[in-house]
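Notes follow the structure.
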């Protein structure tokens, strides 16, 4: 389970990264909604507000000084026992404050693995530059397409559940079933899935005959559609589409455009999202780095 603050130091004198107050997160989210170039940025903030009410240490929002008020630059840090995820955003094309924040901070320890999460193409080059200058070794760099659909279209989805299955909310206990089938599983990944189900939620389709969980979707760390999967023996029945539409309606009910990041080599998932009416809104990368060498 996430720990309180071993990897992230508390604020200290002369530290460049300062916490963004919870009451300012909605204002920052509105800045990104109005700008519109990074579809999932506002969802990161809105989802973070909800999660922090449950566990305020799970996700932290920081900015180099108060620059977020001018250029929207913020870092979302999500901590796990094995590593932490770092999502970086800015509305400034020069990415100057992203560079300054990452290079000068003492709050982020680069001595344990980090996943730079959903790095939008507008900040990708700057993040790569920081990694090179900090001598951080890239373990994996996976490009993804960004698919999104409007609130209005998502709310129009009709959820037709076949008679043989039942649509229900997932519980953290279902992580034990889901983890062995997750292609990206790693040591302790079951704990991650359990935590995500608890804090951000997910839905599943269960066979009425034996209560078997056969298809599922979980919201990701930053409030996106994620972890969409159907057991192999139950594929090609439209279950993934049903789960996706149901979760989209929940996201749209909060006033957010449902968004998903899909690996560029996953043609099957891309086809599903296109059939549902999602549009490709650009590219982002998931970059896993080892500790400094």
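Structure values in brief
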read-out: Residues 70, 256, sorted so that the one with the fewest Cβ neighbours within 10 Å comes first; value: 70, 256
read-out: Förster-model FRET efficiency, 22 Å R0, residue 185 and residue 109, C-beta, rounded to 0.05; value: 0.30
read-out: Inter-label distance for residue 158 and residue 275, nm, one decimal - labels placed 7 Å from Cα along Cα-to-Cβ; value: 1.6
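Rule-based calculations on the coordinates, nothing more; no lab input. Predicted model only: the values in this text are computed from it and were never measured. Neighbour counts are summed over all protein chains in view; Cβ atoms, including those assigned to glycine, are modelled from backbone coordinates with ideal geometry.
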